[in-house]
Amino acid sequence: MHTLHLLLALIPCVVAEFIPGGSFGRDTIGPYNNCSGTLTSRPKDLAIDTLPNIDPDAQSGWERWDLTMYQDGIFVNMRWLQGDPASLTSKPADGKFELSATFKNGEIYNTYVTEKLTFTNSSPYSISIGKNVLTWDESQTWFNASLDLNGLTASVGSESIMLDKFSPYAGWIIGQLTEGLFCGIPMTRGYSHAGSIRFPWGQEVNLDAQSILLHMFAEKPIQTLATSYAIRAFRSSGADFSDTFLYESSRAPNTSVVGPEYSAFFLGRAEARGTGFEPYTIYAGTNSALLSISQINSTYTQAQLAGCANTNATPFTWNYSLPVPTLEQTDSSGGKTSFIVTSDVTVKEPFGTEHVESQLGTGLAYIYESPEAPFVSELPSQGGEQPS
């Protein structure tokens, strides 16, 4: 492993214009393993990672934040965007906020406003495009959105249950999903239960939704950095704990000097402590033997994370299938992003050394395919097949 680190240190990588003090672009030491069942301290300085890492006045690059929520009857994605992720001439000063909603009857509503993104670089932190604002503080306990555009208004409070963020580390660089493409999940398991969305035609939806916040940026067009990627977030709840499992797979163009294929994961648990629940991270890693993936068929997948002494060596197991997309978006180069919500998740989770609980879960997946994806073999599939 020491030799591997020395070799990787010699590999050049693309580094964006980072906010001073953040974690993106730094070297990492490898997988995080805390299967002891004990609580550990959490970093206090990661709230700034969610701020823009591409300066709005920069000459190139792009960045986006997706706050995605789903409940019975409605799926909503709110996106703060600077620049065009698929354009060779992207200018971060070209800001855009867009909201997409899919209703139970299949109808889709889209609206947007264009304006330069601004941000507040002190707690409480914020990003804004027009009157559409996302705020959070040092604790990152809540991510609050306030919207006002084209007759739509909203006030949404999303509580972060895990109180931890996750970033992959392709090439041993924090945040790299592939070489030069950076990704972070500031809210790995969110609960949007404060507020509502009022649509221009008068319908008001009170929120009691599961949610996730995804943050991504790069200096180059996305299709030059990733042939495809899939980001999946699964959650389940037992009597004494709730588990959150994130699984990311990605393939870079074959020109990548860091490597073409990556598989990253995060496992967090909120465990009963006294009168409430306290969260802690168990595992986090990239291209680690802790994670194994078995493709059962074109959509059905089994994912396992290794157990340890605290679980009597019993692994954590998720079986899931991904149905047709709830929402699809096509970018300016022809690349496609699919949003997929699934309730077809079964989980076996060890709890201490005493028992294993089998329960049902839910999940959300983001699937991106570049225009070249159909012509490249062995891509990470919607089911999440482990790259060879």
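Site pair Thr153 and Thr120 shows an inter-label distance of 2.0 nm when each label is modelled 7 Å from Cα along Cα→Cβ. Of the GluC sites (Glu not before Pro) found in segment 65-164, the ones in coil according to DSSP and having at most 12 other Cβ atoms within 10 Å of their Cβ are Glu107. Largest mean-square fluctuation among Phe75, Phe119, Phe234, in a Gaussian network model of the chain whose springs join Cα atoms under 10 Å apart, belongs to Phe119. Each residue of segment 225-230 is assigned a 3J(HN,Hα), and the resulting list reads 10, 9, 6, 6, 8, 9 Hz, derived from the Karplus form 6.51 cos²θ - 1.76 cosθ + 1.60 (θ = phi - 60°), x at Gly and Pro. When all protein chains stay in place and ligands, DNA and RNA are ignored, the 1.4 Å accessible-area order of Asp148, Asp72, Asp49, largest first, is Asp72, Asp148, Asp49.
Computed over protein heavy atoms with a 1.4 Å probe, the accessible surface of segment 213-326 works out to 33 Å² per residue.
If the chain linking Gln304 and Thr275 were pulled fully straight, counting 0.36 nm for each residue of separation and taking away their Cα-Cα distance, it would gain 7.4 nm. Helical content of the chain, expressed as a calculated mean residue ellipticity at 222 nm, amounts to -500 deg cm²/dmol (DSSP H runs of 4 or more residues, -39,500 (n - 2.57) each, divided by residue number, nearest 500). Once backbone amide H atoms are built at 1.01 Å from N, Ala194 has Gly157 as its partners under 5 Å, excluding neighbours fewer than 5 places away on the same chain. The simple spin-label model puts a point 7 Å past each Cα toward its Cβ; for Ala289 and Phe103 those points are separated by 5.4 nm. Using a Debye calculation, one point per C-alpha and no hydration shell, please list log10 I(q)/I(0) for the chain at q = 0.07, 0.12, 0.13 Å⁻¹ in order. After summing over all Cα pairs, the log10 values are -0.29, -0.92, -1.10. For segment 231-352, go through all pairs of different Cα atoms, get the mean of 1/r, take its inverse, and jot down that Kirkwood value in Å. Radius from the Kirkwood sum: 16.3 Å. Taking all protein chains together and rolling a 1.4 Å probe, Thr89 ends up with roughly 100 Å² accessible. Here's how it looks for Gly95: its modeled amide H is under 5 Å from those of Gly83, Glu115, Lys116, Leu117, which are all 5 or more places away or on a different chain. First check a/c for segment 195-283, with a ≥ b ≥ c the square roots of the eigenvalues of its C-alpha gyration tensor; if it is under 1.5, answer rounded, and if not, answer prolate when a/b is larger than b/c or oblate otherwise. Oblate is the answer for segment 195-283, as a/c is 1.5 or above yet b/c matches or exceeds a/b. Residue order by solvent-accessible surface for Lys348, Lys96, Lys131, Lys165 is Lys131, Lys348, Lys96, Lys165, largest first, with ligands and nucleic acids left out and a 1.4 Å probe. Only protein atoms count toward the accessible area here, which uses a 1.4 Å probe; on segment 211-349, the carbon and sulfur part of that area reaches 49 percent. For the chain, modelled as a Gaussian network with Cα springs under 10 Å, which listed residue fluctuates most, Ser294, Ser370, Ser90? Highest fluctuation among the options: Ser294. Comparing Arg235, Arg79, Arg198 in a Gaussian network model of the chain (Cα springs below 10 Å), the most mobile by mean-square fluctuation is Arg198. Computed from backbone phi, the HN-Hα couplings of segment 292-297 come to 10, 10, 10, 7, 7, 8 Hz, rounded to whole numbers (Karplus: 6.51 cos²θ - 1.76 cosθ + 1.60, θ = phi - 60°; Gly and Pro given as x).
On the beta carbon distance between Thr346 and Asn206, with R0 = 30 Å, the FRET formula returns roughly 0.50. Looking at segment 72-193, the accessible area is 36 square angstrom per residue; that uses a 1.4 Å probe and ignores ligands, DNA and RNA. Once backbone amide H atoms are built at 1.01 Å from N, Asp344 has Ser321 as its partners under 5 Å, excluding neighbours fewer than 5 places away on the same chain. Reported value for segment 103-174: 179 Å³ per residue, from the convex hull of its C-alpha atoms. The phi torsions of segment 62-70, fed into the Karplus equation with coefficients 6.51, -1.76 and 1.60 and a -60° offset, translate into couplings of 8, 7, 8, 10, 10, 9, 10, 9, 8 Hz, rounded to whole numbers, with Gly and Pro shown as x.
The values are calculated or read from the model by the stated rules, or taken from the named source; none is laboratory data. Note that the structure is predicted; figures quoted are calculated from it, not measured. Cβ: placed from backbone, ideal geometry, glycine included. Neighbour counts: every protein chain shown. Side chains are part of the model used for accessible areas, which takes the heavy atoms of the whole protein and leaves out ligands, DNA and RNA. Shrake-Rupley method; radii C 1.70, N 1.55, O 1.52, S 1.80 Å.
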